[in-house]
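Input: a single structure, listed below in structure tokens.
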Amino acid sequence: MALFKKIIIIAVIAIAFVGILAVVAVRFISSRALPDYDKTMAIEGLLKEVRVLRDSNAMPHIYAENEHDLYMATGYLMAQDRLWQMDLLRRVTMGRLSEIFGEDMVKTDHLLRALQMTKKSKMVLGRTDEQILLSLEAFAKGVNQYISDRGGALPPEFLILGYKPEPWEAYHTVNLIGYMAWDLSGSWQNEVILHQLRAKLSDDYLKALVPDLDFQKSFVHLEKTLNDSSFALLEGNQNLKVLGIEMISGSNNWAVTGKKSKSGKALMANDMHLAFGAPGIWYQMHQVIEGKLNVTGVALPGAPFIINGHNDSIAWGMTNLYVDEMDFYVEKTDSMHKNQYFYNSEWLPMTAIEEKIAIKGGDTVQKILWFTHHGPVISGFKGLDTETISMRWTGNDYSNELRSMYLLNRAFNWADFRNALTTMLAVSQNVVYADVHGNIGLQTAGAVPVRKSGIGIHLLPGDTDQFEWTGILPFDSLPYTFNPPEAFVSSANNRTVGPSYPYYIGYWYDNSSRIDRIHEMLAEKEKLDAADFMAMQNDQKSVFAQKYLPLLVQTLSQVDTMETTKREVLDLIRSWDGTMAAESARPSIFEMFFTHFLKRVMADEMGEKLFTSFPSGLMRHTFEYFWRNTQSVWMDDISTPDKETFEMVVQLAFSDAVKDIISLQGLEVSAWQWGKIHQLTLRHPMGKVELLNKVFHFNRGPYEVGGSFHTVNPFGYSFHKPFDVVHGASQRHIFDMGDLRNSFMVIPTGISGIPASKFYCNQTSSFLKGKYFQDHFYQNDVEKNKRFEMRFQPSK
């Protein structure tokens with residue numbers, strides 16, 4: 001018996017010892033890449049000493065004496081905080097995910113290589129000014145110095161996946177801009193699925209699926225203020241969503257002149273709506289060369305320049321333009337002319353490029369990419385194996401967004417600002433402007449294709465030159481607004497211009513819910529300040545819900561007999577003002593009804609496969625169409641012998657919604673809360689592996705949140721996976737150009753990409769509560785608020 005007890009004791013001790021070793025090992029792996037923010041170190045190639053002061057959020061304020069040193073230090077610091085994220089994004093742009101994740105990524109890599117981002121980047125570098133090239137090279141040297149200094153002590157993802165980062169090169173930075181252009185495009189998600197539905201549905205059905213521009217009356221550039229100088233099926237990029245690196249586009253920006261600000265100077269706000277994830281997509285940074293440069297804002301990990309922010313003269317911020325930047329061509333092919341396509345009465349050879357995709361574990365897969373003069377053949381990526389469809393995309397043409405950012409960082413005035421944007425072509429945006437002299441403006445920037453005929457929302461015949469592009473609109477033909485009489489400018493992915501503008505820009509705009517609410521709030525007060533702008537950015541009152549609630553209540557009120565719970569739910573929404581608060585029951589009812597109504601109306605005609613592939617962004621337009629056209633042919637459920645009406649569908653969808661909420665939150669309606677089912681989890685690409693997430697705490701959340709895709713403070717979800725929040729504000733900035741000390745910012749995560757860092761998601765709580773951090777810009781303020789100080793010195 002005593003021996004048995006000894007064995008048990010020894011076993012317990014052994015298990016405990018192994019457990020302690022495991023804990024120690026995990027802590028070592030998790031924390032070995034944590035940087036010392038107070039360290040002084042020598043860097044080979046540095047010319048002068050660089051000081052790096054970090055504030056309470058560890059945001060770096062970099063003080064250098066020249067551009068070479070500034071950007072070399074930037075590369076080192078960015079790698080210090082975000083190296084694995086940088087490497088992951090680099091691999092996305094090159095189609096090299098299979099090397100670290102395995103064969104599940106082969107199709108994604110194949111698609112990404114068809115986009116030829118590296119080819120475009122090397123072309124751009126060949127046409128870039130020497131000073132910008134030197135800046136990119138200095139940045140790359142800084143990244144590589146960090147990689148060399150760390151040796152094997154790298155972030156945990158590298159050890160888990162079993163690889164080391166390769167040296168950074170200048171074209172990797174340019175590639176990241178190409179990826180942004182790709183991910184912010186709207187046509188890829190919309191046009192091919194509409195083509196598939198066109199083969200299944202008649203025109204009476206199809207007209208409900210395309211936004212009706214006649215009903216989009218809220219324009220970015222108001223008609224009277226417009227300055228005119230000239231008048232998805234399972235596919236490869238589905239895996240990018242799984243990795244949490246598909247951006248999803250939306251945004252708000254606005255600015256007011258001194259006529260509407262309490263300071264008497266210009267005031268500007270911007271929040272870009274992208275996919276949520278950990279780490280976040282933006283890196284906060286402040287760069288200073290005394291007497292030459294003082295710029296702060298957010299940068300893309302892997303790129304050295306501030307993308308959105310302000311310097312000591314101007315501020316700027318962006319929203320996606322939703323230009324129609326792609327066309328898809330149905331190429332004429334036949335079995336008699338293998339690897340050829342018919343164009344303008346002759347058979348032309350397709351271009352074939354063989355790609356060797358390395359897979360984790362040592363295998364290699366060979367894939368062929370086919371190209372016509374339009375671009376890559378993409379039908380295989382869209383599951384359209386019976387057709388040959390090629391893609392023409394502005395992202396393959398010359399643009400130089402890095403030049404634009406470099407010049408924006410240094411701009412003094414409106415003319416400098418506009419000059420910088422002339423090369424911002426592939427990443428098409430509406431860019432808001434404010435300056436210290438009280439001026440405001442909004443410039444549309446991007447490559448707007450000029451087509452021989454038609455608009456590019458349908459797949460086009462590829463066998464003729466009738467539908468080719470003849471070029472892009474000259475920059476001076478793009479709309480802009482400067483110091484309008486309304487004393488404000490604004491955009492929220494809404495329609496860019498009205499019908500008097502002579503050129504076609506796009507079709508896939510968001511509905512006007514956010515911009516209409518922004519206009520309401522701008523008009524509520526005669527004078528506004530930074531606190532008002534904070535309230536606006538965090539506003540969750542839905543114009544969308546307010547618009548459709550009366551007909552919903554009216555239709556449901558016509559029901560003669562209604563169960564007690566349903567009657568209670570109906571009474572609850574009668575007096576609702578549309579505020580989508582997390583603690584309220586009412587948003588749950590509306591959003592659940594929204595999803596069930598569209599499924600009731602559309603799924604029977606489309607079929608489950610096409611319905612679940614239909615883009616979430618188009619769902620809101622179809623909803624609006626059905627509520628304007630209640631007699632639509634869509635209302636009848638073709639799977640039943642009865643003839644359903646709009647009123648019947650509303651009642652059935654309402655019943656579905658109540659049933660679902662009861663199953664999730666119980667019968668006590670007064671206890672229902674939107675935030676209980678509408679939640680945000682900040683997901684790391686490695687966090688999908690449950691064991692790894694438990695060990696390394698990659699993901700953060702879930703957090704109960706309010707709002708929706710149609711509120712100014714958006715917490716949007718995929719229609720086909722309600723109500724898991726996947727996108728919203730990726731940063732919030734408010735800039736007071738009368739006193740830059742009165743400027744504020746916050747991001748949803750933190751400066752660090754290392755999960756063990758206390759700066760990994762330390763801003764999340766403030767972000768969710770609508771709080772901000774002061775934007776320390778002047779050196780005396782930076783010095784007063786510093787928490788860490790690092791010095792880089794030239795290597796001896």
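The values are calculated or read from the model by the stated rules, or taken from the named source; none is laboratory data. Everything quoted here is computed from the prediction, not taken from an experiment. Positions of Cβ are generated from backbone atoms using ideal geometry, with glycine treated the same way; all protein chains shown enter the neighbour counts. Ligands, DNA and RNA are stripped out before the accessible areas are found, and what is left, the full protein with its side chains, is counted by its heavy atoms. Shrake-Rupley method; radii C 1.70, N 1.55, O 1.52, S 1.80 Å.
Starting from residues that are in contact with a strand residue (DSSP E or B) (Cβ under 7 Å, 6 or more places away or on another chain) and assigned to a loop (DSSP other than H, G, I, E, B), keep the ones in the range 578-601 and report whichever is surrounded by the fewest Cβ atoms within 10 Å (Cβ to Cβ).
Checking each candidate, the answer is Ala582.
Applying the selection to the range 703-720, what residues are open to solvent by less than 10 Å² (accessible area, probe 1.4 Å) and farther than 18 Å from Asn493 by Cα?
Answer for the range 703-720, where residues must be open to solvent by less than 10 Å² (accessible area, probe 1.4 Å) and farther than 18 Å from Asn493 by Cα: Val705, Gly706.
Is it fair to say Asn780 is over 26 Å from Glu583 (Cβ atoms) and surrounded by fewer than 23 Cβ atoms within 10 Å (Cβ to Cβ)?
Judged against the criteria, Asn780 is a match.
Within the range 602-611, work out how many residues are within 17 Å of Phe654 (Cα to Cα) and open to solvent by 10 Å² or more (accessible area, probe 1.4 Å). Give the steps one after another, and end with the answer.
Keep residues of the range 602-611 that are within 17 Å of Phe654 (Cα to Cα), which gives 602-603.
Now drop any that are not open to solvent by 10 Å² or more (accessible area, probe 1.4 Å), which leaves 603.
Residues flagged as within 17 Å of Phe654 (Cα to Cα) and open to solvent by 10 Å² or more (accessible area, probe 1.4 Å) within the range 602-611 amount to 1.
Report yes if Met105 is under 30 Å from Glu690 (Cα atoms), open to solvent by 30 Å² or more (accessible area, probe 1.4 Å) and within 25 Å of the chain's Cα centre (by Cα), otherwise no. Write out each step before concluding.
On the way: under 30 Å from Glu690 (Cα atoms): yes; open to solvent by 30 Å² or more (accessible area, probe 1.4 Å): no; within 25 Å of the chain's Cα centre (by Cα): yes.
Taking the combined requirement at face value, the residue does not satisfy it.
Within the bounds of the range 677-686, is there any residue that is in a strand (DSSP E or B), among the basic types (Lys, Arg) and surrounded by 20 or more Cβ atoms within 10 Å (Cβ to Cβ)? Don't jump to the end; show me each part of the working.
From the range 677-686, those in a strand (DSSP E or B) are 679-682; that's our starting set.
Okay, now just the ones that are also among the basic types (Lys, Arg), so none.
No, every residue in the range 677-686 fails to be in a strand (DSSP E or B), among the basic types (Lys, Arg) and surrounded by 20 or more Cβ atoms within 10 Å (Cβ to Cβ).
Against the definition (surrounded by fewer than 24 Cβ atoms within 10 Å (Cβ to Cβ) and of a type in the set (Val, Ile, Thr)), how does Thr388 come out, yes or no?
yes
Looking at the range 459-475, which of its residues are surrounded by 15 or more Cβ atoms within 10 Å (Cβ to Cβ) and either touching a helix residue (DSSP H, G or I) at 6+ places or on another chain (Cβ under 7 Å) or under 17 Å from Gly395 (Cβ atoms) (or both)?
First pass over the range 459-475, keeping only residues surrounded by 15 or more Cβ atoms within 10 Å (Cβ to Cβ): 459-460, 462-464, 467-469, 472-473, 475.
Within the range 459-475, Leu459, Leu460, Trp469, Ile472, Leu473 meet the criteria.
Residues to consider are Asp69, Asp55; find the one that is crowded, with 19+ Cβ neighbours inside 10 Å, within 29 Å of the chain's Cα centre (by Cα) and at pLDDT 95 or above. Even if it seems obvious, please write down each step before you answer.
On the way: Asp69 fails: within 29 Å of the chain's Cα centre (by Cα).
Within the list Asp69, Asp55, the selection yields Asp55.
Does at least one position in the range 722-732 carry a residue that is among the polar types (S, T, N, Q), open to solvent by less than 20 Å² (accessible area, probe 1.4 Å) and not in a helix (DSSP H, G or I)?
The initial filter retains those residues of the range 722-732 that are among the polar types (S, T, N, Q), namely 730-731.
When the remaining residues are screened for being open to solvent by less than 20 Å² (accessible area, probe 1.4 Å), the result is 730-731.
Next, from what is left, pick out any that are not in a helix (DSSP H, G or I): 730-731.
Yes, because at least one residue in the range 722-732 is among the polar types (S, T, N, Q), open to solvent by less than 20 Å² (accessible area, probe 1.4 Å) and not in a helix (DSSP H, G or I).
A quick yes/no check of all residues on (1) touching an Asp or Glu at 6+ places or on another chain (Cβ under 8 Å); (2) under 25 Å from His373 (Cα atoms); (3) open to solvent by 50 Å² or more (accessible area, probe 1.4 Å):
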{"residue": "Leu111", "(1), (2), (3)": "yes, yes, no"}
{"residue": "Glu157", "(1), (2), (3)": "no, no, no"}
{"residue": "Asn175", "(1), (2), (3)": "no, yes, no"}
{"residue": "His195", "(1), (2), (3)": "no, yes, no"}
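I need a count of the residues in the range 450-489 that are in contact with a Leu (Cβ under 8 Å, 6 or more places away or on another chain) and either over 30 Å from Lys525 (Cα atoms) or part of a loop (DSSP other than H, G, I, E, B) (or both).
10
Check Ala447 against each of (1) open to solvent by 20 Å² or more (accessible area, probe 1.4 Å); (2) within 30 Å of His195 (Cβ to Cβ); (3) part of a loop (DSSP other than H, G, I, E, B) and name the one condition it does not meet.
(1)
Output the number of residues of the range 258-309 satisfying the condition of being over 16 Å from the mean Cα position of the chain (by Cα), of a type in the set (Phe, Trp, Tyr) and open to solvent by 10 Å² or more (accessible area, probe 1.4 Å). Quick ask: steps written out before the conclusion?
Start the filter on the range 258-309 by keeping residues that are over 16 Å from the mean Cα position of the chain (by Cα), which leaves 258-269, 284-297, 302-306, 309.
From what is left, the residues that are of a type in the set (Phe, Trp, Tyr) are 305.
Keeping just the survivors that are open to solvent by 10 Å² or more (accessible area, probe 1.4 Å) gives none.
Within the range 258-309, residues that are over 16 Å from the mean Cα position of the chain (by Cα), of a type in the set (Phe, Trp, Tyr) and open to solvent by 10 Å² or more (accessible area, probe 1.4 Å) number 0.
Any residue in the range 154-167 that's among the hydroxyl-bearing types (Ser, Thr, Tyr): show its pairings with residues that are outside any loop (DSSP other than H, G, I, E, B) and surrounded by 14 or more Cβ atoms within 10 Å (Cβ to Cβ) at Cβ separation under 7 Å, as long as the two are six or more apart or on different chains.
From the range 154-167, the pairs are Tyr163/Ile100.
Can you pull out every residue in the range 310-319 that is open to solvent by 10 Å² or more (accessible area, probe 1.4 Å) and in contact with a helix residue (DSSP H, G or I) (Cβ under 8 Å, 6 or more places away or on another chain)?
Asp312
Using beta carbons and a limit of 6 Å, which pairs, at least six apart or on different chains, have the first residue in the range 490-516 and within 11 Å of His221 (Cα to Cα) and the second one aliphatic (A, V, I, L, M) and outside any loop (DSSP other than H, G, I, E, B)?
Note: pairs meeting the criteria are Ser490/Ile518; Asn494/Ile515.
Hey, does the range 246-260 have a residue that's under 23 Å from Thr612 (Cβ atoms), at pLDDT 95 or above and assigned to a loop (DSSP other than H, G, I, E, B)? Please lay out each step first, then the result.
Step one: filter the range 246-260 for residues under 23 Å from Thr612 (Cβ atoms), giving 246-250.
Now drop any that are not at pLDDT 95 or above, which leaves none.
No: the range 246-260 contains no residue that is under 23 Å from Thr612 (Cβ atoms), at pLDDT 95 or above and assigned to a loop (DSSP other than H, G, I, E, B).
Among strands (runs of 3 or more DSSP E) lying entirely in the range 280-351, which contain 1 or more residues that are under 26 Å from Leu136 (Cβ atoms) and in contact with a strand residue (DSSP E or B) (Cβ under 6 Å, 6 or more places away or on another chain)? Break it down stepwise before answering.
Values: elements: 283-289, 293-299, 308-310, 314-320, 326-331, 340-343, 346-349.
Those strands (runs of 3 or more DSSP E) span 283-289, 293-299, 308-310, 314-320.
Report yes if Phe614 is open to solvent by less than 40 Å² (accessible area, probe 1.4 Å) and within 16 Å of Val210 (Cβ to Cβ), otherwise no.
Numbers: open to solvent by less than 40 Å² (accessible area, probe 1.4 Å): yes; within 16 Å of Val210 (Cβ to Cβ): yes.
Here the answer is yes, as Phe614 does meet what is asked.
Evaluate the following for Glu346: is it more than 30 Å from Leu53 (Cα to Cα) and in contact with a Ser or Thr (Cβ under 8 Å, 6 or more places away or on another chain)?
Numbers: more than 30 Å from Leu53 (Cα to Cα): yes; in contact with a Ser or Thr (Cβ under 8 Å, 6 or more places away or on another chain): no.
Against the criterion (more than 30 Å from Leu53 (Cα to Cα) and in contact with a Ser or Thr (Cβ under 8 Å, 6 or more places away or on another chain)), Glu346 does not qualify.
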